[in-house]
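The values are calculated or read from the model by the stated rules, or taken from the named source; none is laboratory data. Just so we're clear, the structure is a prediction, and the values are computed from it rather than from any experiment. A quick note on method: Cβ atoms are made from the backbone with ideal geometry, for glycine too, and the neighbour counts reach across all protein chains shown. These accessible areas exclude ligands, DNA and RNA; they are computed on the full protein's heavy atoms, side chains included. Shrake-Rupley method; radii C 1.70, N 1.55, O 1.52, S 1.80 Å.
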Amino acid sequence: EEACLQAHENFHKSPWENRIHLIHQSFQDFVHETDKSYDLIVTNPPYFQNSLHAPDEQRASARHNKELELADIIEGSKLLLADNGTLSIILPYVEGVLFIAKAAEHGLYCVRQTNVIPKPKAAVKRLLLEFKRQKKAFVDQDLIIELENRHEYPENYKNLTRDFYLFL
């Protein structure tokens with residue numbers, strides 16, 4: 001409820017307020033109650049599976065997949081996506097690799113993977129993934145967040161995020 005209210009407040013402050021419609025409902029229920037199809041589904045889901053839950057229930061719900069399993073996203077997206085629609089999702093590396101395999105089993109194919117790397121020579125931390133119903137040429141790219149020195153960002157990262165971060 002609080003997350004929904006916060007989203008509503010954010011929408012109200014945005015220049016796109018008249019183009020955004022907020023629905024306070026679980027994804028699972030929405031999938032079965034709509035007859036619409038979508039060109040794009042974007043999600044940053046709760047993805048921690050077998051880790052220690054935060055003591056704050058709201059934080060735990062937002063970060064752990066106890067109410068929204070990754071399989072729900074695959075099954076729901078398969079039903080909601082238009083024929084040429086795209087599912088975009090961000091996941092930790094291991095969960096992302098598993099999601100790619102599971103989605104392919106259900107007819108959603110990874111067409112783009114951006115490996116998010118905190119610093120040069122560090123392990124991949126997150127995967128930004130795009131899926132389509134059709135197999136297409138696969139694009140694999142890296143995005144380094146910070147260079148060797150603290151607050152030193154590569155140009156491609158600055159170009160990508162400058163509209164969202166005041167410090168850039």
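Shown here is the pair-distance distribution of the stretch 99-150: with all Cα-Cα distances grouped in 5 Å bins from zero up to the longest one, the shares run 5, 21, 23, 18, 13, 10, 6, 3, 1 percent.
Just so you know, the averaged projected area of the alpha carbon convex hull for the chain sits at 11.8 nm². Solvent exposure of the stretch 112-162 amounts to 65 Å² per residue of accessible area, where only protein heavy atoms count and the probe is 1.4 Å. Take the Cβ atoms of residue 67 and residue 140, set R0 to 35 Å, and the FRET efficiency comes out at 0.65.
Report the FRET efficiency, 1/(1 + (r/R0)^6), for residue 101 and residue 34, where r is their Cβ-Cβ distance and R0 is 22 Å, rounded to 0.05.
The value I calculate is 0.20.
Taken along the Cα-to-beta-carbon direction at a fixed 7 Å, the label points for residue 1 and residue 84 span 4.4 nm. The distance between label points at residue 17 and residue 156 comes to 3.8 nm (points 7 Å beyond Cα on the Cα→Cβ vector). Within the chain, antiparallel bridges make up roughly 50 percent of the DSSP beta bridges whose residues both belong there.
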